Amino acid sequence: MGTALGESLIRPALATRRDSFQACAHRVAPVLLMCAALLVGCGFIEGFISPDPRYPLGSRVTIGVSYWTVMVILLSGSLFRRKAPVK
C-alpha cells in the first residue's frame, strides 16, 4: 500500500500528482482498513485467548485456523470484488 502511494507520487497516472495520489488513496484505503481491523482481532486473540489456560489446545488451534481463513478471504478480495461493467 505504501509502495502504491509512493508510486502514485513519483509517476502520476493522472494529470496532477494530487489527483493521482487521491485516486490511489481511495483504491488502497479499504485494504488498509481491513488490515487494521485484522490486527485488532489478532490482538484480542493473543491477549485473551492464547495465554488463558482455560482454553484447550484444540480450541486455540480452531480459532487460529478460522481467523487465518477469514484473513485470507478478506485480503484476497473475492468477498468484496467489484462487478465488471456490462458492455
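The values are calculated or read from the model by the stated rules, or taken from the named source; none is laboratory data. Keep in mind that this is a model prediction, so the values were computed, not measured. Please note: Cβ atoms are built from the backbone with ideal geometry, for glycine as well, and neighbour counts cover all protein chains shown.
Considering only the stretch 44-56, I want to know if a residue exists there that is farther than 29 Å from LEU9 by Cβ, at pLDDT below 95 and among the small types (Gly, Ala, Ser). Scanning the stretch 44-56, I find at least one residue that is farther than 29 Å from LEU9 by Cβ, at pLDDT below 95 and among the small types (Gly, Ala, Ser), so the answer is yes. Restrict the check to the stretch 27-36 and report whether at least one residue is under 30 Å from THR69 (Cβ atoms) and in a loop (DSSP other than H, G, I, E, B). The answer is no; no qualifying residue exists.
Taking the criterion of being among the charged types (D, E, K, R) and at pLDDT 85 or above, the only residue of the stretch 57-87 that qualifies is ARG60. When restricted to residues that are part of a helix (DSSP H, G or I) and surrounded by 13 or more Cβ atoms within 10 Å (Cβ to Cβ), the stretch 43-69 contains 6. Only residues that are surrounded by 10 or more Cβ atoms within 10 Å (Cβ to Cβ) and either free of Cβ contacts under 8 Å to residues at least 40 places away in the same chain or among the basic types (Lys, Arg) (or both) were counted across the stretch 73-83, and they come to 4. Residue pairs whose Cβ atoms lie under 6 Å apart, sitting 6 or more positions apart in sequence or on different chains, and linking a residue in the stretch 25-45 that is farther than 11 Å from ALA4 by Cβ to a partner that is among the basic types (Lys, Arg) and surrounded by 11 or more Cβ atoms within 10 Å (Cβ to Cβ), do not occur here.
In the stretch 1-22, the residue that is modelled with the highest pLDDT out of those that are among the aliphatic types (A, V, I, L, M) and more than 21 Å from LEU75 (Cβ to Cβ) is ILE10.
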